[in-house]
Amino acid sequence: DTAVSQTPKYLVTQMGNDKSIKCEQNLGHDTMYWYKQDSKKFLKIMFSYNNKELIINETVPNRFSPKSPDKAHLNLHINSLELGDSAVYFCASSRLATNEKLFFGSGTQLSVL
Amino acid sequence: GENVGLHLPTLSVQEGDNSIINCAYSNSASDYFIWYKQESGKGPQFIIDIRSNMDKRQGQRVTVLLNKTVKHLSLQIAATQPGDSAVYFCAESYAAGNKLTFGGGTRVLVKP
């Protein structure tokens, strides 16, 4: 009955590979997000989708491509992984597109070797 | 650009004492503020929020204070418990539909 669930929790891969992180929310929220947390714990928004439509794209390299098949899912695909992509990626959702009271998943720790 | 920051990166508190976590923001147009708690290996968890038309809001053992004059936000935790040990983030946004911008986080360590 987890509200926002993302898989996998850990992802270790080689530079140059392509990987995906999946996210699902069962809260009935309209808006979903991807955040990146670096090694200094700084949280930065990457993307925001409202009802399957992209509303925020924070100058993220186009190697990162979010996909929202329906409003309960927002997956993140990353092409040609680089060392600097190593971080914890958090999916989140909110009831409205006003970026208020986000509910976060437990994170995916990505390590690029 | 505009940013949200914190005064103290680490706060050590004796169990049972009150904790105060401070946050400064630079965007005077910000109208919504929120505090999150992040425990090790978990995602950020909502604690309390406040809109700019208020200066104080209370929850269970937590109080958020907003001083718009000096652009300062604080989170007070009463009778701090070991389970309160975590990293605390403040975040702000302005105008509906804009992104939530997070501060750098403060680690709270509760000593028994």
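The values are calculated or read from the model by the stated rules, or taken from the named source; none is laboratory data. Predicted model only: the values in this text are computed from it and were never measured. Here the Cβ is made from the backbone with ideal geometry for all residues, glycine too, and neighbour counts use every protein chain on show. Heavy atoms of the whole protein, side chains included, go into the accessibility calculation; ligands, DNA and RNA do not. Shrake-Rupley method; radii C 1.70, N 1.55, O 1.52, S 1.80 Å.
What is the Cα radius of gyration of the stretch A:4-112 over 2.2 N^0.38 Å, N being its residue count?
Normalised Rg, Cα atoms only: 0.98.
Looking at the calculated P(r) for the protein assembly as shown, what percent of the C-alpha pair distances fall above 23 Å?
Summing the P(r) of the protein assembly as shown above 23 Å gives 48 percent of all pairs.
Need one value for B:32-40: mean number of C-beta atoms belonging to other chains within 10 Å of its residues' C-beta atoms.
On the way: counts 4, 0, 4, 0, 3, 0, 6, 0, 0.
Neighbouring Cβ atoms belonging to other protein chains average 2 per residue here.
Restricting to the protein assembly as shown, compute how many DSSP beta bridges are antiparallel as a %, nearest 5. Could you put the intermediate results ahead of the total?
Working: 72 of 81 bridges.
If I count the DSSP bridges inside the protein assembly as shown, around 90 percent turn out antiparallel.
Using the structure shown, select from A:LYS41/A:LYS67; A:LYS52/B:LYS56; A:LYS41/B:LYS71 the pairs with a Cα to Cα distance greater than 27 angstrom.
A:LYS52/B:LYS56, as the Cα separations exceed 27 Å there.
Determine the sum of side-chain charges near A:PHE104: Lys and Arg each +1, Asp and Glu each -1, restricted to other residues whose C-beta is under 13 angstrom from that of A:PHE104.
Taking every Cβ under 13 Å from that of A:PHE104, the sum is +3.
Within the accessible area of the stretch A:4-112, what % is carbon and sulfur when the probe is 1.4 Å and the other protein chains stay in place? Working shown, then result.
Numbers: 2590 of 5190 Å².
Looking at the stretch A:4-112 in its full context, I get 50 percent from C and S.
Probe radius 1.4 Å, ligands and nucleic acids left out: which of B:ASP17, B:ASP84 has the largest accessible area, and how do the rest follow?
So the residues, ranked largest to smallest area, are B:ASP17, B:ASP84.
With charges only on Cβ, +1 for K and R and -1 for D and E, what is the dipole size of the protein assembly as shown about its Cα centre, in debye, rounded to 20?
The dipole of the protein assembly as shown has a size of about 100 debye.
Considering only B:LYS37, B:LYS99, B:LYS56, give the residue with the highest GNM mean-square fluctuation for chain B, with springs between Cα atoms whenever their separation is below 10 Å.
B:LYS99
Report the residue, chosen from A:MET46, A:MET32, A:MET15, that carries the largest GNM mean-square fluctuation when chain A is represented by alpha-carbon nodes joined by springs under 10 Å.
A:MET15
Could you tell me which of A:ILE78, A:SER5, A:PHE64 has its Cα farthest along the dipole of the stretch A:4-112 towards the positive end, charges placed at Cβ (Lys, Arg +1; Asp, Glu -1), taken about the Cα centre?
Going by the charge dipole, the pick is A:SER5.
How shielded is A:92-104 by partner chains, expressed as the average number of their Cβ atoms within 10 Å of its Cβ atoms? Mind showing how you got there, number by number?
On the way: counts 3, 0, 1, 0, 2, 3, 7, 13, 9, 5, 7, 4, 7.
Per residue, the average neighbour count from other chains is 5.
State, in square angstrom and to the nearest 100, the accessible area buried between chains B and A, both chains counted, probe radius 1.4 Å.
Summed over both sides, the interface buries about 1600 Å².
Roll a 1.4 Å probe over the protein chains and send me the accessible area per residue for the protein assembly as shown in Å².
49
Let me check against my output: what whole-number percent is the relative contact order of chain A, with C-alpha pairs under 8 Å and at least 6 apart? Walk me through the intermediate numbers first.
Working: 286 pairs, mean separation 41.7, N = 113.
Relative contact order of chain A: 37 percent.
Measuring from centroid to centroid over Cα atoms, what is the spacing of the stretch B:70-92 and the stretch A:21-82 in Å?
Value for the Cα centre distance between the two parts: 27 Å.
Ranked highest first by average number of other Cβ atoms within 10 Å, how do A:93-100, B:48-55 line up?
With the highest mean Cβ count within 10 Å placed first, the list reads A:93-100, B:48-55.
For peptide A:42-48, what's the mean number of Cβ atoms from other chains within 10 Å of each residue's Cβ?
4
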